[in-house]
Structures are given as structure tokens and as C-alpha cells.
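Readers should treat all values here as calculations from the given coordinates under stated rules, not as data from a laboratory. Computed from a prediction, not measured in an experiment: that's the story for all the values here. Virtual Cβ from ideal backbone geometry, glycine too; neighbours counted across all protein chains shown.
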Protein chains: 2
Amino acid sequence: MSNIRKPPTMADIARVMGVSPMTVSRAFKADSLVSTETREAILKAAEDLGYVFDSTASNLRSQKSDFVAVTIPSINNANFADTVGGLADTLATRNMQILLGYTNYDMQEEERLIEQLLRRKPQAIVVTGGRHTPRARRLLETVNIPVIETWDIPTEPIGHYVGFSNAGAVRQMVDHFVSAGHRRIAFIGGDVGRDTRGSERRTGFIAAMEAHGLDASRLIAAGAPPISMREGANAMARLIEIYPDTQAVVCVSDLAAYGALTECRRLNVAVPERFAIGGFGNYEIGEVCVPTLTTINAFAREIGEKTARLILDILDDGLPVEDVRITPELIVRDSSR
Amino acid sequence: MSNIRKPPTMADIARVMGVSPMTVSRAFKADSLVSTETREAILKAAEDLGYVFDSTASNLRSQKSDFVAVTIPSINNANFADTVGGLADTLATRNMQILLGYTNYDMQEEERLIEQLLRRKPQAIVVTGGRHTPRARRLLETVNIPVIETWDIPTEPIGHYVGFSNAGAVRQMVDHFVSAGHRRIAFIGGDVGRDTRGSERRTGFIAAMEAHGLDASRLIAAGAPPISMREGANAMARLIEIYPDTQAVVCVSDLAAYGALTECRRLNVAVPERFAIGGFGNYEIGEVCVPTLTTINAFAREIGEKTARLILDILDDGLPVEDVRITPELIVRDSSR
DNA sequence: CTGAAAGCGCTAACAC
DNA sequence: GTGTTAGCGCTTTCAG
């Protein structure tokens, strides 16, 4: 009557084929020792029966899940999407799968998420950033798998990291503006205290300005991170109102920078002639918009790829591996020249 | 010597606490019947021991994984990201987790992915689109869990669907252009044959044009889907070269439309006065750029939320549920008025 | 409210 | 190249 019958197991295939379950199991492992004909017959029978391999049982017995847990702040961000893409593609070469969670830029949520992900017994865990709640930190320190922090150089790494200095990257941008002759430079970012990478970029801006002996007080907080294009535009309007003689602005991301650019167009402020703009992240928008956007390339995809390779190296031979320091690249485009 | 000791299990906690493993198990289920004091003591002991609940074992025994498998064409697409966000947030209210895979707009890859995801024994599977390889289709038909196709109205649904007519949405845009007085209207999309939603939009364009008795031959293929902003810009240059008297263009996505817009600006073609532009997907860029972009809102996040609710309804009471037909909304902005 | 026994579906370990 | 046995860590089931 019911067409919801119990799905077949290896035992069922074994019975049909007149072999032991173990032989069926072996037939599914490419490298395992079964005669070619038995294997082919078994695989065919499996397909005919509509058998679906049960990873859960396999994982429990073999104590490996082929999962890599990954937390990112937001799924809707091209930079983090690129990192995840690099991770996923590289791990797929070894049939490992990503278990993704997003924190919504909230460390509390990150803690919750890390705990949830660890229950699935991933073989490694990748987190974004180097700051975590004490409990999250403890969970990561205690867990028995490789831990990789990304998109940052943690002050005190938990395990490994693949990242870059957000402050240093912003310094490159400030140096570029200064050597172009600008002195009155502003920063547009999110409200402090949530997005840690954004905060570090802001801190980096202040430090870089002070290193040049320049005033670092033109800081516009555009709302809760991540800053949207719209918020970038609003921030620009505010900036021009409060500090009308500003010559250049460093934006926490290309999205904010693009918003700022559109606001300049609306206000008939010439970019870059009257106002130079710099962004962060090398988003596609920056190379297509008019004028094109000066930005920082943080090599998002490479971060993912290198993280994946690092994980595979550790899992393969457990040898000590080197952390990866990425050097972000300043890309000067029309919005600042 | 080695600090890699075996992680504690429920049995370890039971031993320490002098209770049975079953009681420990119950202590971890919120609704389960254990005295409050025993539960609290057990949870504390677990925390002290650094215990991490093992979902794999739990899943195997209880035959439920709390996974929902999801395939999307690309992780780096704001529309699909919104759908996944809606899904994930809604499912999180029931502690269900998304197992995400992306197909790279390739049905072959989708088949591979579906097979891989099903091995994890998800409790439902959500796929993007209504076209699949025969084998993928068979896998989905045979599997014993709810199957939901999204972002489309499948000709022959496998299980349920939460989607809209891509052709119908484009018709709205064509009607808008026609009633604005345009007659020579073009379409910019990707190469045919890969992105099924893009192909349907193209087909819908042709049908709508013919319904108005207009010539539907101005079709620009901009490359392999998904079309980037850059490819949109290139396509626009080509369009103006080949069909200089074109009055309006329907683009397969806002990204292509934005690229087209920037090309117009570079060529000093006034938008919308000399050339009206329409996009698809209601991306953020469209409401910030100058001029703002006319587009179609397909309610990406709602698709995810409604899919999640549909899944929860089925899992909760197995009652027959209604498929969801979304009605996309035409948003007229400055690029066409 | 708590416990004992059995088993989810697979594979490690060993035997032949 | 193949089979047997046991058990991964949890929860269902039944008993009290």
C-alpha cells in the first residue's frame, strides 16, 4: 500500500548479491580491494535498488565526517562568498564538504554557531576574524581539530590563520592619498563595536593619519555594519555637510564607496577632481562604475583556497604548517587620480 | 604525553555523575523528563568536561539529521543568497541547518551535488529551478523526503515548488516598455542553454514582443551565464553598434543592466531619454545608481522563507500543503521614465 | 523520573 | 580478494 518503504541498506545489497556487507562496503571505496567484476555488479545492483550511501553511519563508524565547518559574517557579501567559493572548490577535490553558518556580524551569534557546527564533528573549522567571545574561544581551543582564523592577523591565534592586516591595508590607501597631495582625509565606516574588521580599518586609518601628522578626526559612522551602498551615500552627504573642505575619503568597503560616489554625482561634486574616493574589497562594481573605484584587493578567493590547502596539509600528514600572511594590494583607479 | 585525548561521550558524563547514559541523553533534550536538578548538574558536568554533543550518532540512531539540503547556481549572487538567508533563518527557529551546495549553473554538476547531499540524509531538499538531468530527476523522485523546486514554475513538478514564471515577469517589463511608447526593444542575456532561468526570460521576451506584434530579433548573447556587469557593458556596446536605433533593452539581471547603464554613460547615450533600460532581480545597485534602475522584484528572500515554512509544515504534520506561486513585481525607476 | 538492552548502518580489525 | 565480529555514540523501547 504505502510507497514509503524503508530505503535499502548495504545489507540489502549484500543479500541480493550473495556477498557479505563488507564486500559491498569495499565496492564503494574506490581504492579498496575488490575484484573489478564484483564491484561493478554491486554498484549496478545498488543503482537498481535506488540505494543511497549513508554518510551518517559511515561517519560514526570511521570517526571522520568529511565536513569542514565555516563561519562567515554574512552570506550576502561578495568577498566572503569568494572565500567560501575558494574553500569549497579546493576541498571538493578531496570530497570534503563545507558546513556553512553565518554570524550576522555578531560574536554572540558566532559562539552559538560554533557550538552547533562542532556537534557535526567537522574535521576542521574555519572562522572569520580573530576576535571571539571567551566561550567561543574556549570551544575552539578545546576542540580536537585544526582551527583556522581568516581575514585577519589575530593578536593571539587560536590555531592557524590565513589573513592580512586590515589596519595595514588601510595605511596603504592613506599613504596613496597623502602622496597624491591630500591632507584633509575622512573615513566612512560602520558604527564601532560590531564589525571587527571594520573597526580595525578605522583604527588603521587613525594611526596612518597620525603617522603623517594629519588630523584623524573626520570619522563618519554610517550605521550598523555591514554598510550598504545607501548608507555610504548618506554618510557622504553628511561628510560634505560637516566637513565641506574634505579632499579625500577612505571607505570601509567598495559598497560604501560606491554609495559615496553616487552621492557626489547627485551633488555635482567632481570625483576625483574635487574629491578622491577609495574603497575596500575589490568588488566588481568598482571596476565597472564611472569613474572606476580605487580599492584594496584582499584576495578573498585566495584566502579560501589557501585555507583549504592548509587544512588538507594538516589532515594529510599532520606536519606543522605555516600560517599564511596575505599582502593586500592597492589598486589605484579613476576615483583617485 | 599527547594532549589529544579522546573526547568525552555521554557515557563518560554518566559515569562521573553516577547516572545512566539515558539520563544524560534526556538532560540534553529540552522537553524531556528529567528532574531539574539532575539536568542542571549534568549540563554543568558536560561543560566542565568539555563535552560536545555528537549529532552524527544522534542522527544515525534517531534517523533524522536536522539537515535541509539546498542547491543554488552560485553562492556569489545576491538573489540566491537572499533565498538561502530566508531559508536558513526560518529553519533555524527549529534548529535545522542548511547543507548548501552550488551547481555553477551546470545541470551535470547539480546531479553530482544532489547525490552527494542525499548521502547526508537531509530531511528535505530544495533545488533551484525546474530542469534537471534525468538521473538527478530520478534521484529526487525516488528519495523519501520533501523535494521543493524554487525560482521557477516547473512544467512537471517533482514534489512541491515555490516559484514564479520567469517568462511572465519579463512580459511585465516588455508591456511597460511598449506602453511607454517603445517599439524597437532588445534583450541582453547569457548564451542560451545553460542558465535555465535566463533562457526562460529570453523566451518570455520573444513571446511578449510577438504578442505585441513587434520584432523580437534583437537578442544579444553576452557570454556564459551568469552575466557580469562587465559583460553587460560589452553587450550594450554591441547592441548600439548593431541596432543603433534601439529604444529600450531588457536585461537578464540588474548586474547586466547596470553594466549597460555605465556603457551608455561612457558613450554619452542619455538614459532614459534616448535609451530605456530594465533589469531583473531588484539588486541593491539598482536603487542607488544614477539613474536608478527599473527592475523586477522576484522576492528572493520570501522564496526562501516560504520554502522553509512549507518544509516545516510537511515535516510537522505531513498534511498536504499548497505550492506557492510568487507574483513578481515590476518596479519602475528612472532608467525607464 | 530513571534504567537496561538493543540497534541505527556502516567499517576497523582481524582472520583466512 | 572476501568474510566475521564487534562497536562507533547515541536514542528507541520497554520496564520499573
Would you please give the residues with an amide H less than 5 Å from that of B:ALA124, counting only those at least 5 places away or on a separate chain, with H modeled from the backbone geometry? B:ALA69
Options A:SER35, A:ALA308, A:ALA88, ranked by Cα towards positive dipole end of the protein assembly as shown, top entry (Cβ charges): A:SER35
Can you list residues from other chains, or at least 5 along the same chain, whose modelled amide H is less than 5 Å from the amide H of B:VAL249? B:ALA186, B:ALA276, B:ILE277, B:GLY278
Ordered by residue, what ³J(HN,Hα) values in Hz, to whole numbers, does the range A:267-276 give under the Karplus form 6.51 cos²θ - 1.76 cosθ + 1.60, where θ = phi - 60° and Gly and Pro are x? 8, 6, 9, 6, 10, x, 4, 9, 8, 8
Magnitude of the charge dipole, chain B, Cβ model with Lys/Arg +1 and Asp/Glu -1, debye to 20: 580
Using the Cα centre of chain B as origin and beta-carbon charges of +1 (Lys, Arg) and -1 (Asp, Glu), tell me which of B:ILE13, B:ALA235, B:VAL192 is placed farthest towards the positive end of the dipole. B:ILE13
Taking +1 at the Cβ of each Lys and Arg and -1 at the Cβ of each Asp and Glu, which of B:VAL143, A:PHE205, A:VAL271 sits farthest along the dipole of the protein assembly as shown towards its positive end, judged by Cα position relative to the Cα centre? B:VAL143
List the GluC sites (Glu not before Pro) in the range B:250-337 that DSSP assigns to loop (not H, G, I, E or B) and whose Cβ has at most 14 other Cβ atoms within 10 Å. Which are they? B:GLU273, B:GLU322
Rough spin-label spacing in nm, given labels placed 7 Å along Cα→Cβ, for B:GLU241 and B:GLU141: 4.7
Chain B: relative contact order as a whole-number percent, Cα under 8 Å and 6+ apart: 15
Per-copy distances of the A:ARG337 label point, shortest first, in nm (7 angstrom along Cα→Cβ): 4.1
For the range A:96-186, the Cα-Cα pair-distance distribution in 10 Å bins from 0, as whole percents, is 15, 41, 21, 14, 8, 1
Set the Förster distance to 30 Å, then compute FRET efficiency between B:GLU156 and B:GLU302 from the Cβ-Cβ distance, nearest 0.05. 0.80
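Percent antiparallel among DSSP beta bridges with both residues in the protein assembly as shown, to the nearest 5? If you can, show how the numbers build up before the last one.
Details: 6 of 64 bridges.
Percent antiparallel among DSSP bridges in the protein assembly as shown is about 10.
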Pairs to check: A:LYS29/B:LYS121; A:LYS121/B:LYS6; B:LYS29/B:LYS64; A:LYS121/B:LYS121. Give those whose C-alpha atoms are more than 21 Å from each other in this structure. none
Amide N of the range A:294-337 lying under 17 Å from the label point, which is placed 7 angstrom from the Cα of A:LYS64 along Cα→Cβ: A:308-320
Amide H partners (placed H, <5 Å) of B:GLU149, local residues excluded: B:VAL127, B:GLY159, B:HIS160, B:TYR161, B:VAL162
Averaged over the residues of B:55-62, the number of partner chain Cβ atoms within 10 Å of each residue's own Cβ comes to 6
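Quick one: if the Förster radius is 22 Å, what FRET efficiency do A:ILE206 and A:ALA180 give, using the C-beta to C-beta distance and rounding to 0.05? Intermediate results must be reported in sequence, preceding the final value.
Values: r = 20 Å, r/R0 = 0.89.
So, using R0 = 22 Å, E works out to roughly 0.65.
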Determine the gain in length on full extension of the stretch A:VAL290-A:SER217; use 0.36 nm per residue of separation and subtract their C-alpha separation, reporting nm with one decimal. 23.4 nm
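Which whole-number percent of Cα pairs in the range B:59-120 have a distance greater than 16 Å? If you can, show how the numbers build up before the last one.
Values: 939 of 1891 pairs.
Of all Cα-Cα distances in the range B:59-120, 50 percent exceed 16 Å.
Kindly give Rg over Rh for the range B:213-254, based on alpha-carbon atoms, with the Kirkwood expression for the hydrodynamic radius. Spell out each step's value before the answer.
Working: Rg = 10.6 Å, Rh = 11.0 Å.
With Rh from the inverse mean 1/r over Cα pairs, Rg/Rh is 0.96.
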Give or take rounding to whole Å, what are the principal axis extents of the alpha carbon atoms in the range A:167-215, in descending order? 33, 17, 15
Could you check the spin-label model distance between B:GLU109 and B:ALA57? Points 7 Å from the Cα along Cα→Cβ, value in nm. 3.8
